[in-house]
Amino acid sequence: DTEVTQTPKHLVMGMTNKKSLKCEQHMGHRAMYWYKQKAKKPPELMFVYSYEKLSINESVPSRFSPECPNSSLLNLHLHALQPEDSALYLCASSQDLGLPGQGYTFGSGTRLTVV
Amino acid sequence: GQNIDQPTEMTATEGAIVQINCTYQTSGFNGLFWYQQHAGEAPTFLSYNVLDGLEEKGRFSSFLSRSKGYSYLLLKELQMKDSASYLCAVRDRGNTGFQKLVFGTGTRLLVSP
């Protein structure tokens, strides 16, 4: 299995809703990432987990709450989002944080629309 | 912080060669990646450079000059399916000591017949 699987592929939620995005990989990768990508813009890093511990939080608002229940799963809990949070949310994984030549494997993303 | 710049858009003809440039300024450089991303899809890994020089992989080559903070991606024998966004990304240690991948502004390439 060489994939990162994200669910759901599409999500529409109201500003008062609570929802979760899920990401799963079975490649034995120990680093996992959440990125946010607006239309025609590059992905922007949100969170980095290494060995199931949060290593980097890029000053993301608290309405986004990451969780790494085990080495294969990464969740992003959403609460009280704003319309400007509408974007493609990408999950990625890598074998480790800094091994040379380690490309990141990206999931196909969840397209989130906040109404 | 990081500053990674690419041209916004480029056009080329099928069968031609195109070079996409990337310039960067980072505090803890530890490698440069190129990714391809088709609209609405995930980025896919193309190449990696950590030492100066050229890395060749089939129709794609990538070059790095660390002293100049410069890289390019060279695409040969362009095909219509090469129409996509090309993202330069730098792995940076930053101030926290943890490494992270930071993307450049991205270049949209349009290949015409």
Using only the Cα atoms of the stretch B:6-64, each taken as one equal point scatterer with no solvent, compute I(q) by the Debye sum, divide by I(0), and report log10 of the ratio at q = 0.21, 0.22 Å⁻¹.
-1.07, -1.16
Charge dipole (the protein assembly as shown, unit charges on Cβ, about Cα centre) - positive-most of B:SER65, A:ASN75, B:ALA16
A:ASN75
Cross-link partners among aspartates and glutamates for A:LYS40, C-alpha distance below 18 Å, same-chain residues fewer than 8 apart left out?
A:GLU84, A:ASP85, B:ASP5, B:GLU9, B:GLU41, B:ASP82
Ranked highest first by average number of other Cβ atoms within 10 Å, how do B:103-110, B:83-90 line up?
B:83-90, B:103-110
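With an 8 Å Cα cut-off and a minimum separation of 6 or more residues, compute the relative contact order for chain B in percent.
The normalised contact order for chain B reaches 37 percent.
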With just the Cα atoms defining each centre, how far is the stretch A:2-78 from the stretch B:1-36? Give it in Å.
25
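Normalized C-alpha radius of gyration of the stretch B:38-90, against 2.2 N^0.38 Å?
Numbers: Rg = 12.0 Å, N = 53, 2.2 N^0.38 = 9.9 Å.
In units of the 2.2 N^0.38 Å rule of thumb, it is 1.21.
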In Å³ and rounded to a whole number, note down the convex hull volume per residue for the Cα atoms of chain B.
94
Do any of A:LYS38/B:LYS76; A:LYS36/B:LYS81; A:LYS41/B:LYS100; A:LYS18/A:LYS53; A:LYS19/B:LYS81 go past 27 Å between their Cα atoms, and which?
A:LYS38/B:LYS76; A:LYS19/B:LYS81
Across chain A, how large is the tail of the calculated P(r) beyond 24 Å, expressed as a percent of all Cα pairs?
19
Need one number: convex hull volume per residue for the protein assembly as shown, Cα atoms only, in Å³.
119
What cysteines in the protein assembly as shown have no other cysteine with a beta carbon less than 4.7 Å from their beta carbon?
A:CYS68
Give, rounded to the nearest 20 debye, the magnitude of the charge dipole that chain B has about its Cα centre when Lys and Arg contribute +1 at Cβ and Asp and Glu contribute -1 at Cβ.
280
Partner shielding of A:104-110, as the mean number of partner chain Cβ atoms within 10 Å, equals 4
Lys, Arg +1 and Asp, Glu -1 on Cβ, resulting dipole of the protein assembly as shown about Cα centre, debye, nearest 20:
380
Taking 8 Å as the Cα distance limit and 6 or more residues as the minimum spacing, I'd like the relative contact order of chain A as a percentage.
37
Can you give the charge dipole size of chain A about its Cα centre, rounded to the nearest 20 debye, using +1 on the beta carbon of Lys and Arg and -1 on the beta carbon of Asp and Glu?
380
Counted charge near A:PHE106, where neighbours are those whose Cβ lies closer than 12 Å (Asp, Glu -1; Lys, Arg +1):
-2
Run through the stretch B:1-76 and list the chymotrypsin sites (Phe, Trp or Tyr not before Pro) located in a DSSP loop whose Cβ has at most 13 other Cβ atoms within 10 Å.
none
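We did not get these values from a lab; they are worked out from the coordinates using the rules stated. This is a predicted model, so every value here is computed, not measured. Cβ atoms come from the backbone with ideal geometry, glycine included; neighbour counts cover every protein chain shown.
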